[in-house]
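The next block holds one structure in the form of structure tokens; read it before the comments.
The values are calculated or read from the model by the stated rules, or taken from the named source; none is laboratory data. Everything numeric in this text was worked out from a predicted model, so none of it was measured. No Cβ is skipped: glycine too gets one built from the backbone with ideal geometry, and neighbour counts run over all protein chains shown. Remember, those area values only see protein heavy atoms, side chains included, never the ligands or the DNA or RNA. Shrake-Rupley method; radii C 1.70, N 1.55, O 1.52, S 1.80 Å.
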Amino acid sequence: MVWDRALMRILHLSTHDVTGGAARAAHRLHRGLLGVGAESRMFVFGRAGEDPEVIRFRPTPTLSGRVRRRIRRRRITADFERYRSTRPRGYEQFSDDRTEYDAEVMRQLPPCDVVNLHWIAGFVDLGAFFTNLPRGVPVVWTLHDMNAFTGGCHYDDYCGKFADSCGACPQLGSRDEQDLSRAVWRRKHDALAGIPPPRLHVVGDSHWLTDRARCSSLLKRFPVSTIHYGLDTEVFTPREKSAARQALGIPAEARVLLFVADSVENRRKGFPLLVRALEGLNHPDLFLISIGRGSPGIPAGLPHLHFGRIGEDRLLSVVYSAADLFVIPSLQEAYGQTALEALACGTPAVGFDAGGIPDIIRPGVTGLLARTGDADALREAIAALLGAPAQRMAMAENGRRLVVEEHSLEAQARRYLALYEDLLSGTR
């Protein structure tokens, strides 16, 4: 069967529509698909935007429904409670495969021909999803982190246990091989066991994440592809630097570094390593901008402007344009969407050689990479580019060209459409 793209009903499942990096990436793909004439909708738990094609899940309001959710929520909470005192500080979210909504989400699933899973923690119950998936509907699972193939963590901090069956999880502070991470892994394994490989296709947003999925015990039997994120290059575009600085209250002659993350307090994002690098950087005109939830710790004497969370893309493009360099010191990163946004705005990037970051930062072309976790090497890379304005200008032009040519929303949408068509026609 040859599918008419205009009649293909694509449904994206995501915990949120625009809140958080993974949700923003999912929504951008959805808008890109609409832009090339496809029928695309999102089905989400939390709806913060105003897109009419985003449908919000609403839990069953009946007494029996509320009681079932309460019982299920207590069971899940109880399984996590035993690790409250053992879990080390500094790690981010650890997610169960179960949710209190069980099969309610699937009972409300809008009609569709293909389902695209995104970041679904706390929303989609995996066992209920694969058990109740409508017959003949294939699934694309877009990975925005490692959670789909781990026993609960979203980044494994290089423990590597996802290649086996988890257990004795360092992020739970556990030495028990039969701990919660093993239980989550086992339930995911059982949920996926009944799905034939041609019906589920895994997409990594970077070559690193695709490689991790292929190495995983849970997803290695399914086909895996890499499709990079796309951006609206008319929104994320270079703005006039002096005007951007004037609007933001930044000195015109400063050497401006920019850090962007959902939270500046997230250990994995490496903000303390950036601060350590800057403490030894001898540059009199240095100025740091940070974006993200939380309170950044900044050494005395370093001019600094913290904007908190910014959810409006055009305003973000102004901030990116005001910077001389974007710095992404993540210790693990599925892709590095913020670095892509920076390049689109004509700002070269410096970062650690971690995860998917090398897919975006091409050394000597769009920026520089430093050895992961090495603050001294990061300092050297920053200093090298701050002292080479001509090289920065060339990198800015290269970065903008790279995004326009390889990372447009249209290019991303057409790659996904080709994948959906192949799945629906049974060729994969």
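Remark: spin-label model distance Gln391-Arg309 equals 3.8 nm, labels positioned 7 Å along the Cα→Cβ axis. Once the Cα-Cα distance is subtracted from the 0.36 nm per residue extended length, the Ala168 to Asp190 segment shows a gain of 5.9 nm. For region 287-368, the list of trypsin sites (Lys or Arg not before Pro) that fall in a loop by DSSP and count at most 10 other C-beta atoms within 10 angstrom is empty. For region 318-332, backbone nitrogen atoms closer than 15 Å to the point 7 Å from Leu302 Cα along Cα-to-C-beta are found at 325-330.
DSSP loop (so not H, G, I, E, B), at most 11 other Cβ within 10 Å: list which GluC sites (Glu not before Pro) in region 293-341 pass both filters.
Numbers: sites: Glu312, Glu333, Glu341; in loops: Glu312, Glu333.
In loop regions of region 293-341 (DSSP not H, G, I, E or B), the sparsely surrounded GluC sites (Glu not before Pro) are Glu312.
Per residue, the solvent-accessible area of the chain (1.4 Å probe, heavy atoms of protein chains only, all protein chains present) comes to 42 Å².
Taking the helices alone, the chain has a mean residue ellipticity at 222 nm of -11000 deg cm²/dmol, built from -39,500 (n - 2.57) per DSSP H run of at least 4 residues and averaged over all its residues. With the simple spin-label model, which puts each label point 7 Å out from Cα in the Cβ direction, the Val365 to Glu410 separation comes to 2.3 nm.
Once neighbouring chains are kept in place and the probe is 1.4 Å, which whole percent of the accessible area of the chain is contributed by carbon and sulfur? C and S fraction of accessible area: 50 percent. Using 0.36 nm per residue and subtracting the Cα-Cα separation, the extra length available between Arg135 and Arg267 on full extension is 43.3 nm. Roughly speaking, what is the centre-to-centre gap between region 333-364 and region 126-193 when only Cα atoms are used, to the nearest Å? Here the two parts' Cα centres lie 28 Å apart.
Pairs exceeding a 21 Å alpha-carbon distance, out of Lys161/Lys188; Lys220/Lys269; Lys161/Lys220: Lys220/Lys269.
Report the calculated FRET efficiency for Asp353 and Cys215 (r = Cβ-Cβ distance, R0 = 22 Å), to the nearest 0.05. After rounding to 0.05, the efficiency reads 0.70.
In this rough spin-label picture, where each label sits 7 Å from Cα along the Cβ direction, the Phe80-Val67 distance is 2.5 nm.
A Förster distance of 56 Å, applied to the separation of the beta-carbon atoms of Asp376 and Glu50, puts the FRET efficiency at 0.75.
At what distance in angstrom do the alpha carbon centres of region 212-272 and region 398-428 lie from each other? Taking the Cα centre of region 398-428 as reference, the centre of region 212-272 is 20 Å away.
In a shell of Cβ-Cβ distance under 13 Å around Gln412, excluding Gln412 itself, what net charge do Lys and Arg (+1) and Asp and Glu (-1) give?
Values: positive: Arg28, Arg31, Arg414, Arg415; negative: Asp205, Asp232, Glu405, Glu406, Glu410.
Charge balance in the 13 Å sphere: -1.
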